[in-house]
1. Return one number: the angle in degrees, 0 to 90 and rounded to the nearest 10, between the long axis of the Cα atoms of helix 44-57 and the longest principal axis of the Cα atoms of the chain.
2. Within region 71-124, list the GluC sites (Glu not before Pro) lying in a DSSP loop whose Cβ has at most 11 other Cβ atoms in a 10 Å radius.
3. Which ³J(HN,Hα) values in Hz, rounded to whole numbers, follow from the phi angles of region 18-30 under the Karplus curve 6.51 cos²θ - 1.76 cosθ + 1.60, where θ = phi - 60° and Gly and Pro get x?
4. From the square roots a ≥ b ≥ c of the eigenvalues of the alpha-carbon gyration tensor of region 1-116, which class results: rounded (a/c under 1.5), prolate (a/b over b/c), or oblate?
5. Quick one: angle between helix 5-17 and the longest Cα principal axis of the chain, in degrees between 0 and 90, rounded to 10, please.
6. Amide H to amide H, which residues 5 or more places from MET123 or on other chains are under 5 Å from it, using H placed in the peptide plane?
7. Given H placed 1.01 Å from N in the peptide plane, which residues other than close sequence neighbours of GLY30 have an amide H under 5 Å from its amide H?
8. Sequence neighbours fewer than 8 away in the same chain don't count; with that in mind, list the lysines whose C-alpha is under 19 Å from LYS34.
Amino acid sequence: MAENNKDIAVSFLTLASSGEVHEAYSKFVGEGFKHHNPFFEGSAAALSAGMEENARQNPDKVFEVKRVIGEGDFVAVHSYVQQKPDDLGAAVAHFFRFEDGKIVELWDIGQPIPKESLNQHGMF
């Protein structure tokens, strides 16, 4: 049975965050992929190289999906990411666009978790 777009998005992020970047890209990324991360050139090769370097630098990274929303060819994943054990982590949102069951476009936005927050509801 084919995976739905929400499952593909979560599988991609889970593999990539655990250091299996090449597998994530080979299984789930489609032709003409582009991304909107301002810290890397807009190609799949540039972003995957950055993800691989991040995995090498942060082998104990924590990645926890909090919620997933999908509609048609678009999926949003809200997650908690902690790069290092002494890091408070960040709330991260990834937005995916799919064509024919493959990821063809990706946006990612992160917000560091502050030591103190005025918001009693927290970030999740």
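1. It is inclined by approximately 40 degrees.
2. When the GluC sites (Glu not before Pro) of region 71-124 are filtered for loop state and at most 11 Cβ neighbours within 10 Å, GLU116 remain.
3. Using θ = phi - 60°, the values come out as 8, x, 8, 5, 4, 5, 4, 5, 5, 7, 10, 9, x Hz.
4. In terms of gyration-tensor shape, prolate.
5. So the helix axis and the longest Cα principal axis differ by about 60 degrees.
6. The answer is none.
7. Answer set, sorted by chain and number: ILE103, VAL104.
8. Within the straight-line cut-off, LYS34 pairs with LYS6, LYS102.
The values are calculated or read from the model by the stated rules, or taken from the named source; none is laboratory data. These numbers come from a predicted model, not from an experiment. A quick note on method: Cβ atoms are made from the backbone with ideal geometry, for glycine too, and the neighbour counts reach across all protein chains shown. For accessibility, only protein heavy atoms count, side chains too; no ligands or nucleic acids. Shrake-Rupley method; radii C 1.70, N 1.55, O 1.52, S 1.80 Å.
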